[in-house]
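Enquirer: Here you go, one structure.
The values are calculated or read from the model by the stated rules, or taken from the named source; none is laboratory data. All values reported here derive from a predicted model rather than from experimental measurement. Cβ placement follows ideal geometry from the backbone for every residue including glycine, while neighbour counts extend to all protein chains displayed.
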């Protein structure tokens, strides 16, 4: 390994150390309360060193979301590889179940992704940021799983052909996230007053979503 290659490797290790430190701070204190001083202290670097690698707290937050998206996409790719024989309608359900499992297994990453409030400047092409750009590429790849699956469902006859695929994907995504957030925040309330557990509500929601897009021959009666 040459000197330049070794230096680049060391820089990448420091960069990842800063992201890991930022995760601990932001996941425990919240994005708004966390400061670059907190992150530098947790990483055991000077704040000046942190700014060598990241221009802002928001840039670090994008890097954290990138980690979360990669974990979720890896889960999707593994499950799709293991369930290649099911029809597209069942794959739509599978996507929802995987995202639900992700929200349980990695709740901090799930909240980081779902709670970020997009700004107009995020879509300004003149503001180039590798972490922001990668974050949105991965987010679109995730939505692409759903869009492609809906297209397959229209082709194999399990999903209604008259739906607008992009609109349907966005609505399914928004509704699923709403269900997950409700379950995560109100699970004890729902159990106490209605004697229903989280899994029951999620499965009922998915059945409801599936009935709204399925054809008669592609129907699910579970």
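Enquirer: Within the group 19, 13, 26, 39, which residue is in contact (Cβ under 8 Å) with a residue 60 or more places away in the chain and either part of a helix (DSSP H, G or I) or closer than 19 Å to residue 67 by Cα (or both)? So that I can check it myself, show each step before the final result.
Expert: Working: 19 fails: in contact (Cβ under 8 Å) with a residue 60 or more places away in the chain; 13 fails: in contact (Cβ under 8 Å) with a residue 60 or more places away in the chain; 39 fails: in contact (Cβ under 8 Å) with a residue 60 or more places away in the chain.
On inspection, the qualifying residue turns out to be 26.
Enquirer: Which of the residues belonging to region 44-56 are under 25 Å from the mean Cα position of the chain (by Cα) and not in a loop (DSSP other than H, G, I, E, B)? First the steps, then the outcome.
Expert: First pass over region 44-56, keeping only residues under 25 Å from the mean Cα position of the chain (by Cα): 53-56.
Scanning region 44-56 gives a single hit, 53.
Enquirer: How many residues does region 162-182 hold that are without any contact (Cβ under 8 Å) to a residue 24 or more places away in the chain and more than 16 Å from the chain's Cα centre (by Cα)?
Expert: Our first condition is that a residue be without any contact (Cβ under 8 Å) to a residue 24 or more places away in the chain; within region 162-182, this holds for 162, 164-167, 171, 174, 178, 182.
Restricting the remaining residues to those that are more than 16 Å from the chain's Cα centre (by Cα) gives 162, 164-167, 182.
So the count comes out to 6.
Enquirer: Return the total of residues in region 16-30 being in contact with a helix residue (DSSP H, G or I) (Cβ under 6 Å, 6 or more places away or on another chain) and either crowded, with 20+ Cβ neighbours inside 10 Å or closer than 10 Å to residue 43 by Cα (or both).
Expert: Step one: of region 16-30, the residues in contact with a helix residue (DSSP H, G or I) (Cβ under 6 Å, 6 or more places away or on another chain) are 17-19, 21-25, 27.
Pick out the ones that are also either crowded, with 20+ Cβ neighbours inside 10 Å or closer than 10 Å to residue 43 by Cα (or both) and you get 17-19, 21-25.
Of the residues in that region, 8 qualify.
Enquirer: Could you tell me which residue of region 71-102 is modelled with the highest pLDDT, considering only residues that are in contact with a helix residue (DSSP H, G or I) (Cβ under 8 Å, 6 or more places away or on another chain) and outside any helix (DSSP H, G or I)? If you could, list the steps in order and put the result at the bottom.
Expert: Taking region 71-102 and keeping what is in contact with a helix residue (DSSP H, G or I) (Cβ under 8 Å, 6 or more places away or on another chain), we get 71-73, 75-76, 79-80, 83, 86-89, 91-102.
Checking which are outside any helix (DSSP H, G or I) leaves us with 83, 86-87.
Numbers: 83: 81, 86: 85, 87: 89.
That would be 87.
Enquirer: In this structure, does residue 187 turn out to be closer than 13 Å to residue 92 by Cα, surrounded by 12 or more Cβ atoms within 10 Å (Cβ to Cβ) and in the same structural domain as residue 107 (by TED's automatic domain parsing)?
Expert: On the way: closer than 13 Å to residue 92 by Cα: no; surrounded by 12 or more Cβ atoms within 10 Å (Cβ to Cβ): yes; in the same structural domain as residue 107 (by TED's automatic domain parsing): yes.
Taking the combined requirement at face value, the residue does not satisfy it.
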